[in-house]
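Notes to accompany the following structure.
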Amino acid sequence: MKRMLVVSAILLFAMFVFAPPVTHAAPRALPDGFTRVALGAGLDSPTAIAFNGLRMFVTEKGGAIRIVRKNGVLRAAPYHTLSVSQESERGLLGIALDPNFATNRFVYVYYTTGPGAKNYSGTPENRVSRLKKRVNRPGFREKILLDHIPSTAGNHNGGDIHVGFDGKLYISVGESGCCPNDAQDLDTVRGKILRLNLNGTIPTDNPFYNTPNARQEIYAYGFRNPWRIGKRAANQTFLVADVGQNTWEEISSLQAGGNYGWPLFEGPCPYPGDLDCDPNSVDYGSTIKPVHWYNQNSGDETGNVIAGGVFAENSNYPAPYANAYFYGDTGSGWVHVLTMDNSNNVTSRYDFDDDVSSPVSFGNGPDGNIYVVSHWGGVIYKYVYTP
């Protein structure tokens with residue numbers, strides 16, 4: 001592993017989550033029996049999706065929450081629009097629906113505040129809020145659940161949000177593009193996965209709830225930019241896709257209280273040619289190793305902005321794709337598949353689709369199909385298998 005404490009402006013620009021699409025010389029065909037269906041044409045820089053039945057809630061970077069109907073057509077009027085800052089990687093980045101959405105209509109969002117936002121401080125900051133449409137009158141009620149999450153340099157905001165199997169909110173936060181060392185410090189939320197109750201209070205069983213001077217919201221730490229996280233129902237776990245800096249993109253299995261190494265390390269250790277990595281070091285020995293990684297610059301799987309990922313559970317997909325993990329790379333425009341055992345150890349990897357314009361997020365629909373958000377393409381793709 002290499003110690004990487006200084007981030008160059010050139011590397012930051014190259015690794016923006018919203019980087020322009022890469023041109024592919026010759027798209028590879030999907031595996032036999034699969035087709036790709038485009039939904040929601042007309043979206044403007046979509047970032048994430050959540051399902052209410054077969055109806056999709058889609059976030060746009062500019063602050064709008066859009067609805068894609070069951071027939072795949074984008075509803076003309078936004079469901080709601082938030083006032084956001086859009087510079088760099090800021091914007092409306094994540095969305096989740098309450099498990100009881102049918103009755104309480106709660107929508108959870110992660111966004112960067114801008115002029116006009118509720119309680120705007122004058123400085124763009126990330127925020128987690130709960131929205132509810134007002135009854136019998138226009139507008140929405142917004143309850144701020146967690147505020148003042150740093151967005152110092154504009155990039156590395158994280159931004160994913162999910163309701164976990166335990167009924168808690170899990171939130172990914174980057175190190176805000178300025179402060180890699182903060183990922184190791186428990187007195188800040190930078191570079192962390194956070195965990196909240198659905199009403200914004202802090203669960204008393206969080207791993208650092210009773211640790212002096214620690215932020216009680218922290219569930220795990222040591223991340224650079226955990227842009228996307230995904231759930232696995234088979235063993236009720238999360239996988240975290242963390243964007244690397246110089247060399248490695250990685251996927252890790254989330255553990256309560258776990259340290260994932262940034263900025264002390266990224267990727268695997270040891271690996272050929274890395275003279276700075278000592279697998280017997282105290283620092284490395286105390287960190288959780290990724291379950292999958294790939295080199296940004298070499299090998300048969302290259303790219304510089306990993307975007308995870310969902311499991312094809314309850315699908316009609318054939319082996320090896322049934323119950324497998326689908327993930328992508330935003331910069332390189334491909335979607336790949338991993339098979340894993342019940343402990344989230346990778347058993348094999350497969351290419352799947354190398355012609356998606358900036359895949360930034362994935363969803364497992366109630367129909368069992370995998371959906372991928374094409375940021376620059378302005379559509380949602382659905383992978384359908386016909387035996």
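The values are calculated or read from the model by the stated rules, or taken from the named source; none is laboratory data. Here the structure is a predicted model, which means the values were calculated and not measured. No Cβ is skipped: glycine too gets one built from the backbone with ideal geometry, and neighbour counts run over all protein chains shown.
Of all residues in the range 320-330, those that are touching a residue at least 40 places away in the same chain (Cβ under 8 Å), over 16 Å from Trp293 (Cβ atoms) and of a type outside the set (Phe, Trp, Tyr) total 2.
Checked against (1) farther than 21 Å from Glu250 by Cα; (2) hydroxyl-bearing (Ser, Thr, Tyr); (3) assigned to a loop (DSSP other than H, G, I, E, B), Tyr383 meets all criteria but (3). With a requirement of 3 or more residues that are surrounded by fewer than 24 Cβ atoms within 10 Å (Cβ to Cβ), modelled with pLDDT of 95 or more and touching a helix residue (DSSP H, G or I) at 6+ places or on another chain (Cβ under 8 Å), none of the strands (runs of 3 or more DSSP E) lying completely within the range 223-266 satisfies it.
Regarding the range 35-49, can at least one residue be identified that is modelled with pLDDT of 95 or more, part of a strand (DSSP E or B) and of a type in the set (D, E, K, R)? Yes, the conditions are met somewhere in the range 35-49. Could you check the range 298-308 and list, in sequence order, the residues that are small (Gly, Ala, Ser), buried (at least 17 other Cβ atoms within 10 Å of the Cβ) and either at positive phi or in a loop (DSSP other than H, G, I, E, B) (or both)? Within the range 298-308, Gly303 is the sole residue that qualifies. The set of residues in the range 150-183 that are under 16 Å from the mean Cα position of the chain (by Cα) and among the β-branched types (Val, Ile, Thr) comprises Ile161, Val163, Ile171, Val173. All of Ile171, Ile144 fail the test of being aliphatic (A, V, I, L, M), within 28 Å of Ser88 (Cα to Cα), touching a strand residue (DSSP E or B) at 6+ places or on another chain (Cβ under 9 Å) and buried (at least 21 other Cβ atoms within 10 Å of the Cβ), apart from Ile171.
If I filter the range 107-136 down to residues being of a type in the set (Gly, Ala, Ser) and over 28 Å from Lys231 (Cβ atoms), which single residue comes out as surrounded by the fewest Cβ atoms within 10 Å (Cβ to Cβ)?
Per the stated criteria, the residue is Gly122.
For the condition surrounded by fewer than 19 Cβ atoms within 10 Å (Cβ to Cβ) and either within 21 Å of Val163 (Cβ to Cβ) or among the charged types (D, E, K, R) (or both), Asn104 qualifies.
Cβ-Cβ distances below 6 Å connect the following pairs, each with a first residue in the range 59-81 that is closer than 23 Å to Ser129 by Cα, a second residue that is among the aromatic types (Phe, Trp, Tyr) and surrounded by fewer than 19 Cβ atoms within 10 Å (Cβ to Cβ), and a separation of six or more residues or different chains: Ile65/Tyr79; Ile67/Tyr79; His80/Phe140. In the range 38-77, the qualifying residues are those that are surrounded by 16 or more Cβ atoms within 10 Å (Cβ to Cβ) and more than 22 Å from the chain's Cα centre (by Cα), and the one that is farthest from Val109 (Cα to Cα) is Gly72. For Gly94, state whether it is farther than 23 Å from Gly309 by Cα, touching a residue at least 12 places away in the same chain (Cβ under 8 Å) and not polar (S, T, N, Q). The answer is no for Gly94.
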